[in-house]
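To keep things clear, I will list the structure first and then write my remarks on it.
Rule-based calculations on the coordinates, nothing more; no lab input. Fair warning: this is a prediction, and the values are worked out from it, not measured in the lab. Please note: Cβ atoms are built from the backbone with ideal geometry, for glycine as well, and neighbour counts cover all protein chains shown.
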Amino acid sequence: MSNEKQAWEPYPSYLTDEQWTILEPMMPAAHTRRGGRPREVDMREVVNTIVYLNRSGGPWEMLPHDLLPKSTVYDYFARWRDDGTWATMLDALREQTRRQAGREPTPSAACIDSQSVKTTEMGGAERGYDGGKKVKGRKRHLLVDTLGLLMALLITGAGLDDGVAAPKLLQQIDSKDFPRLETIFADHKYHNHALQAWMAEHRPDGRIEVKTRPEGSKGFTPLEKRWVVERTNAWHGRYRRNSKDYERKPESSAAMISMSNIHLMLRRLTSHPRPAFHDRNIVAEPLKLAS
């Protein structure tokens, strides 16, 4: 069988040229030591591989052979998790997305909520049982703006009360970075006296506005102005790595959620649902069957 060039179609999660143009300036500089070799890894391929894993939900060890291996990519994922790179990208893209939508760079209102998800046998810290949802695992506490863009994220055990976790989540929001933030919409789980006392002490110019369900309503009922955080959870659910919490470290769980929101904003900024078809030189090897 003769070798042939095969046309290569990128995975739907791959960044387009336009999306990479936005993200590339946010890439950290290479950490080169004196006498060391310059960076040889293509950063765009690193990001493409991480987004592919995030979107497809597969394990690191089963990345396709036409992507970079775990041995190359995981180090970047963990490094950017620990040095705040994912958070920096998130903040920069949120401001760009808000400007594109005709909004101020920082929001004046936000929405808060939590989502309990099951964990696996991976182990790790921050695990518990949510008696209300009957879920054994972790809880994702989200703060989003009124467009549904992620502002802050906290991973805890599923048993932690939302009102107790809220101050820990809101501590991530620096008033200098969000000078316009005044109102945080929430549901009845945040009708908590300790939370109100914390707000009075640490956020005297802000308030928690609790939206209650209409009397007699049953099942899922969208609450005015607060439903956007439910939509954000649904957006993140399209990324199969988020279907459960597969990570050992809570910090890795937060990084995966952040990566999903980053990809969503890149798609929104460029309005491209998937990368364009192009050719890639791949040599087709003859298929070897076991005798």
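May I ask you to order 154-160, 14-20 by the average number of other C-beta atoms within 10 Å around their residues, highest value first?
Answer by packing, highest mean first, reads 154-160, 14-20.
Using 0.36 nm times the number of residues separating ALA78 and ASP42, minus their current alpha carbon distance, what extension gain do you get? Spell out each step's value before the answer.
Details: separation 36, 0.36 × 36 = 12.96 nm, distance 1.70 nm.
Additional length available on full extension: 11.3 nm.
Just need log10 I(q)/I(0) for the range 102-181 at q = 0.18, 0.23, 0.24 Å⁻¹, Debye formula, equal scatterers on the alpha-carbon atoms, no solvent, rounded to two decimals.
Normalising to I(0) and taking log10 leaves -0.74, -1.00, -1.06.
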